[in-house]
Amino acid sequence: LPDLDLHRETDVADYGRWIVNVLLPRVNRELPALANAGIDGVSLGGIVALRVGLKNADTFGAVGALQPAINDGNVSELVDLARAARAKRSTLALRLTTSHDDVYRDVTSTLSGALRRAEITHDFSELPGPHDYVFNRGPGAYEMATWQRRVLT
């Protein structure tokens, strides 16, 4: 794994290349993985999953973000990335999940609205719960895994 600062765009690009060129080939060699890969992330990992997944739509069949650590300045960038990803892969599944007490709830809802206005189909859900490890390891993780399995199989 490269030494990363996931707040820097160049490091996110390096991380994306590592996932696509090193991690996924190893997973496919060593594990009974699905032929069609998906990517998800939580909080800071959520925005990373969106950026990496949308920039690599030829690799990922599904991109999900749980409580992504985004801000209003990311919305137009992410809509543009989603538009470009769908141009590459029209069947790409996209999902945003937030929760009632998520600190990123409002901006995640704003992103979902911007995607709808841009006619980029996606799943959006708002679940009960906070932005914490108990939620992310419990209901949030179950929700992401269930969605990925449904859209990729």
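The values are calculated or read from the model by the stated rules, or taken from the named source; none is laboratory data. Everything quoted here is computed from the prediction, not taken from an experiment. Please note: Cβ atoms are built from the backbone with ideal geometry, for glycine as well, and neighbour counts cover all protein chains shown. We work out accessible area using only protein heavy atoms, side chains counted, and drop any ligands, DNA or RNA first. Shrake-Rupley method; radii C 1.70, N 1.55, O 1.52, S 1.80 Å.
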Quiz item: Quick one: if the Förster radius is 35 Å, what FRET efficiency do ARG89 and VAL134 give, using the C-beta to C-beta distance and rounding to 0.05?
Solution: 0.50
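Calculate for the chain the 222 nm mean residue ellipticity that helices alone would give, adding -39,500 (n - 2.57) per DSSP H run of length 4 or more and normalising by residue count, nearest 500 deg cm²/dmol.
Taking each H run of at least 4 residues, the total per residue is -14500 deg cm²/dmol.
With contacts defined as alpha carbon pairs under 8 Å and 6 or more residues apart, what's the relative contact order of the chain in percent?
19 percent
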Quiz item: What nm distance separates the two modelled labels at GLU126 and ASN36, each placed 7 Å from Cα along Cα→Cβ?
Solution: 3.0 nm
Self-check item: Packing-based ranking, highest mean first, of 127-134, 98-105, 59-66 given that Cβ atoms within 10 Å are counted
Solution: 59-66, 98-105, 127-134
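Which whole-number value in Å³ per residue fits the convex hull of the alpha carbons of region 1-110?
Hull volume normalised by residue count: 107 Å³.
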Practice problem: For the chain, with all protein chains present and a 1.4 Å probe, just round the carbon and sulfur fraction of the accessible area to a whole percent. | Solution: 53 percent
